[in-house]
1. Failed condition for I335, given (1) closer than 19 Å to N74 by Cα; (2) under 17 Å from the mean Cα position of the chain (by Cα), with all others met?
2. Of the numbered conditions (1) of a type in the set (A, V, I, L, M, F, W, C); (2) within 24 Å of L310 (Cβ to Cβ); (3) not in a helix (DSSP H, G or I), V209 satisfies every one except a single condition; which is it?
3. Considering region 56-90 alone, what residues qualify as being within 22 Å of Y375 (Cβ to Cβ), assigned to a helix (DSSP H, G or I) and in contact (Cβ under 8 Å) with a residue 12 or more places away in the chain?
4. Determine, yes or no, whether F80 is open to solvent by 60 Å² or more (accessible area, probe 1.4 Å) and either in contact with an Asp or Glu (Cβ under 9 Å, 6 or more places away or on another chain) or at pLDDT 95 or above (or both).
5. Among L315, L337, which is touching a residue at least 24 places away in the same chain (Cβ under 8 Å), part of a helix (DSSP H, G or I) and under 15 Å from Y381 (Cβ atoms)?
6. May I ask you to list the residues in region 143-158 that are open to solvent by less than 70 Å² (accessible area, probe 1.4 Å) and either free of Cβ contacts under 8 Å to residues at least 24 places away in the same chain or out of contact with any Lys or Arg (no Cβ under 7 Å at 6 or more places or on another chain) (or both)?
7. Taking the condition farther than 25 Å from A123 by Cα and of a type in the set (K, R), does K83 pass?
8. Which of the residues belonging to region 269-305 are in contact (Cβ under 8 Å) with a residue 40 or more places away in the chain and among the small types (G, A, S)?
Amino acid sequence: MSTQAYSKKQIIQTINTALVGLFVLFAVIMPQDEYNIKIGSLIIVLVLNILPILNLNGYSKAIFLFGFILTSYNIIISIFLTKDIIGNISVGYPGYILLLYPIIKNSNIDFKWIVICALKLLAYLTAAIAILDLLGILVFESNPIVIWLITTGNAMIGRGSHLMLYYMVFIKTSPLLFIGLMYGFKNKKLYYIILFTIAILLSGTRANVFALVIAWALAIFLFYIKTSKARVICIFVIIVMGLLAIQFGLIEKLLDVFARKSTGDETRYGHLVGVIEFWESHPINFIIGSGFTSKFFSYGVNDYVSNIELSYWNLLRQVGIIAFSGMMVMYIYPIKLLLKKKKHKEMVIAYIIYLIIAYTNPFLYSSTGMLITLYMYYLCYLKEKIYEK
């Protein structure tokens, strides 16, 4: 290979790495994409690499099927149903994120390193916001970063006894923190475990906190308890701790927090009633969908809405049962591959936790949801000797 050709290849790899890194950074830290940097970097890197993407011999055809064909089908059908071109493209584009895989592969990009670095930054940001407020150095009300995150819709931040753990620094990509947590357990990195545990706790949501308990339990069993005797002892300790929690009234306090948040659960129930009523009135839309930007009347808010926190139900309403089934295969397929290969069990746990949390949060089919799905597909075909660190 000539020096000129080699230099050209290096330049292409550098540009691709920079664009993919930029996309991941803004997808993790600023999911609302106030300045269109996330979508801009994604479009540029996909356009620059259109030939590698179309070369199906270079990567898994399943990724092209899910990332291009299924995504394009959903957008086209949605446009046909609603006549809203721009709106449906802006809501339906996340599936194209899977097409970053052949770019990552051909440019030999260390995608794992990029993702973990972005998640570390997210964890640092979450912890710093709460600690600065706790110490009185920079309280929420005068913190320009906090004000910007709230006003742009990138986060929900607050404090008070009505919250589960007094603080809530919920940046909307916080469920991705479980990737960093399980990475720490897998690689025996205590600093990572502590950092991501603190960040998840500070996110302040019921789902994240309960998922954290489950993640810790599974990680301990998977990586630290090897013998059946040790596992029996661990189960006994957990039972004793549970009984002590009941004895000292901790369960009642926890239930009290739940009761204060029951309004959100009632709203979700109202959403579900509205979705089912919509299908009863429009049965054909259960088959073909109603479009990404279509609206329905929700009894949860007593108004017409297009996006709700019940992600799976809303996605089913938007794309219909046929396309929805294909999308569920898209989400589940990397789990099957990794379990079959007996690799990255820790990330399978993190991914399943994300999919469960996504049930009551509107980030299943989003840049956040497709980013973690892309990461799982990346791990499916990862050559450990090259990338593992």
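1. (1)
2. Here V209 clears every test but (3).
3. The answer is G58, A62, I63, F64, F66, G67, F68, L70, T71, N74.
4. Considered against the rule, which asks whether it is open to solvent by 60 Å² or more (accessible area, probe 1.4 Å) and either in contact with an Asp or Glu (Cβ under 9 Å, 6 or more places away or on another chain) or at pLDDT 95 or above (or both), F80 comes out as yes.
5. The conditions single out L337.
6. Initially, region 143-158 is screened for residues open to solvent by less than 70 Å² (accessible area, probe 1.4 Å), giving 143, 146, 148-149, 152-155, 157-158.
Scanning region 143-158 gives N143, V146, W148, L149, T152, G153, A155, I157, G158.
7. In short, yes.
8. Listed by number, the residues that qualify are G289, S290, G291, S294.
The values are calculated or read from the model by the stated rules, or taken from the named source; none is laboratory data. Predicted model, so just to flag it, every value in this text is computed and none were measured. Glycine also receives a Cβ, built like all others from the backbone with ideal geometry; neighbour counts cover every protein chain displayed. Side chains included, ligands, DNA and RNA excluded: accessible areas come from the protein's heavy atoms. Shrake-Rupley method; radii C 1.70, N 1.55, O 1.52, S 1.80 Å.
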